[in-house]
Amino acid sequence: MWNDLLVRLVESWLGGGLLVYSVAVFGQYLVLGALAFVEARRQNRWQRLADRLSLFEGDMAPPISILVPAFNEEPTIVDSVRSLMQLRYPTFELVVVNDGSRDRTLEALVEAFGLRPTRRVLRAHVPRGRVRGIYSSPHHPHLVVLDVVNGGKAQALNLALAFSRHPLFLAIDADSIMERDTLLQLALPFYEDSTVLVVGGVVRPANGCVVEKGRVVAAGVSRSHWARFQIVEYLRGMLLGRMGWEYFDSLYIVSGALGLFSREAVLAVGGYRTDTLGEDMELVMRIQRWAGEQGRRAVVRFIGSAVCWTEVPQSARQLARQRARWHQGLAESLWMNRALLSRHRFQLHHGLAFTSQFLVELLGPLFELFGVVLLLGLVLTRRADTPFALRYLMIFVIGGTVVSLMGLMIERVTCPRYRRARDYALLAAYALLDNFGYRQCTALWRVRGIWNALRRKGRWGEMRRRGHERAEAEPRASAPEERRRAA
């Protein structure tokens, strides 16, 4: 009975609709991939022609405030701040927010930079009792550290924004390591086009890289299987996908680990919302909505050559919590900004992008798991030779692998960092293996995020930081030895 019921189910409109949906998703990513290559070549030409030297040496470079929320970041915070101090940019300040850390994050900063209590003029309203202390360093006048009551990342960023002084600000995770020219590359669109309000860059896993004194001196592939899958995933989604939407002027998501914002625009829309886990993507959507109401275009940009590195989870438990949180944030952001589809000044391509975020990015895991359940049912009932099983498996595996390989290829065009062909070959193998287990796990975790959003539950988890130099369990070769091996 169950055999016949399952066959009738896959032969009904449900099976046909699932196949059509899978083909449409694959087709969308192929189109985005093709447009990403076009956008990558355009940005490469622009980078060659852009007068970055005059921006760096002249007085026209817009000053930037770098906001660094930190919660229990003792192992990496000092190296991260030192890394930020080495950025090549004329004028910037660092505003580090110790968000009620339970470890020695604040003490580590005080000891490393000789911080002392100080006063600072506020640029926005701050609730009474939130700020416990303000610190500065006589040796590093552009560094300010705020010690605040724990209120979450969004609240920490709002407090940092109130104490910042410059017209642009960069929101970056405390465990992230920016490359020296990243700030300059992110600032170029603001320098050349006054309509730009947000610029995002590429976030890449630092697991497996050689880090010295807060700088990535040699990119490498981690020994962790979970980290390797995430490298492929980051290049597929955070590089290829966003460059494709950048070409359409329809980018809604800029990573909270690397985003440069207009302070005026963020304050105009009310700052970061504290009632969502996706405060960064929700803010970008709200800015897009606000700009659309004013008839402004090309306000959100993405620079494929601007790179920062971050430690990613290496355990299934931490990764599951992170993916559920991200997807819950996406669901909340789409719901809070659903008015994007009803604005009379909104462009058609913006509506298509928003619809894609809903049907593909948000609901995609549900359809994917439904297809996997049907496929497993056919296998268990020994009916896997049906046309549905063969077609779905072909679309699922070939489509997923091709898109992942396109992500690796776009990396070679925009921001090549791996020096060994073996690293690319290894990642290409994981692009295929990604379809057999990892995608199903992430789909399940993302569905949990949807469920948490419906229940209005969920919280920020804590990923135990080991420090970038200690990101691998096994000993690592020194930087000179690593460079010799790469050669």
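The values are calculated or read from the model by the stated rules, or taken from the named source; none is laboratory data. Note that the structure is a prediction, hence the values are computed from the model and not measured. Every residue, glycine as well, gets a Cβ built from its backbone with ideal geometry; the counts of neighbours run over all protein chains shown. In case anyone asks, the SASA skips ligands and DNA or RNA and just uses the protein heavy atoms, side chains included. Shrake-Rupley method; radii C 1.70, N 1.55, O 1.52, S 1.80 Å.
If Rh is defined by the Kirkwood formula over all Cα pairs and Rg also comes from Cα, what ratio Rg/Rh do you get for the range 43-197? Ratio of gyration radius to Kirkwood radius: 0.99. Other residues lying with their Cβ under 14 Å from the Cβ of GLU111 contribute a combined charge of -1, Lys and Arg counting +1, Asp and Glu -1. Annotation for the range 405-458: trypsin sites (Lys or Arg not before Pro) lying in DSSP loop with at most 11 further Cβ atoms inside 10 Å of their Cβ are ARG456, LYS457. Relative to the Cα centre, the charge distribution of the chain, modelled as +1 at Lys and Arg Cβ and -1 at Asp and Glu Cβ, gives a dipole magnitude of about 380 debye. When only the Cβ of Lys, Arg, Asp and Glu is charged (+1, +1, -1, -1), the dipole of the range 265-311 relative to its Cα centre reaches about 360 debye.
Projecting the Cα positions of VAL372, MET409, VAL360 onto the charge dipole of the range 320-424 (unit charges on Cβ atoms of Lys, Arg, Asp and Glu, taken about the Cα centre) puts MET409 furthest along the positive direction.
Measuring nothing but how far apart in sequence close Cα pairs (under 8 Å, 6+ apart) lie, relative to its length, the chain scores a relative contact order of 20 percent. From the alpha carbon centroid of the range 272-321 to that of the range 113-179 is 20 Å. Percent antiparallel among DSSP beta bridges with both residues in the chain, to the nearest 5? Within the chain, antiparallel bridges account for around 45 percent of the total.
So if each residue of separation counts as 0.36 nm, and I subtract the Cα-Cα distance between ALA339 and LYS457, what length gain in nm does that give? That works out to 40.2 nm of additional length. The overall shape of the range 15-133, judged from the alpha-carbon gyration tensor, is oblate: a/c is not under 1.5, and a/b is no greater than b/c.
Amide H to amide H distances under 5 Å link GLU93 with ILE64, SER65, ILE66, where only residues 5 or more positions off or on other chains count and H is placed in the peptide plane.
Amide H contacts of ASN207 (H built 1.01 Å from N, in plane; Pro and chain starts excluded): VAL312 sit under 5 Å, all sequence-distant by 5 or more or on other chains. Shape analysis of the range 162-281 places it in the prolate category; the axes a ≥ b ≥ c from the Cα gyration tensor give an a/c of at least 1.5, with a/b above b/c.
Taking amide H as placed 1.01 Å from N in the peptide plane, ALA218 has its amide H under 5 Å from the amide H of VAL210, each at least 5 places away in sequence or on another chain. Shape class for the range 356-410: oblate, because the ratio a/c of the largest to smallest gyration tensor axis (alpha-carbon atoms, square roots of eigenvalues) is 1.5 or more and b/c is at least a/b. Inter-label distance, VAL360 to ARG119: 5.5 nm, where each label sits 7 Å from its Cα along the C-beta direction. Here the range 199-282 is treated with +1 on each Lys and Arg Cβ and -1 on each Asp and Glu Cβ, and its dipole about the Cα centre works out to around 520 debye. Each Cα pair under 8 Å and six or more residues apart adds its sequence gap; the mean of these over the residue count of the range 125-219 is a relative contact order of 16 percent.
Taking a probe of 1.4 Å, how large is the accessible area per residue of the chain, in Å²?
44 Å²
Built from the Cα atoms of the chain, the convex hull projects on average onto 24.1 nm², one quarter of its surface area.
Scan the chain and note any complete DSSP helix (H) whose C-alpha atoms cover at least 15 Å along its axis and whose Kyte-Doolittle average is -0.5 or more.
Helices meeting the criterion: 13-49, 153-163, 182-192, 364-380, 387-414, 421-433, 439-455.
Between the residues VAL284, LEU260, LEU197, the greatest Cα displacement towards the positive end of the dipole of the chain, with unit charges on the Cβ of Lys, Arg, Asp and Glu, is found for VAL284. Summing Lys and Arg as +1 and Asp and Glu as -1 over all other residues whose Cβ lies under 11 Å from the Cβ of ARG120 gives a net charge of +2. Per-atom-type breakdown for the chain gives carbon and sulfur 57% of the accessible area (1.4 Å probe, protein chains only).
Since only PRO69, GLY329, TYR424 are under comparison, the one whose Cα sits farthest along the positive direction of the charge dipole of the chain, derived from C-beta charges on Lys, Arg, Asp and Glu, is GLY329.
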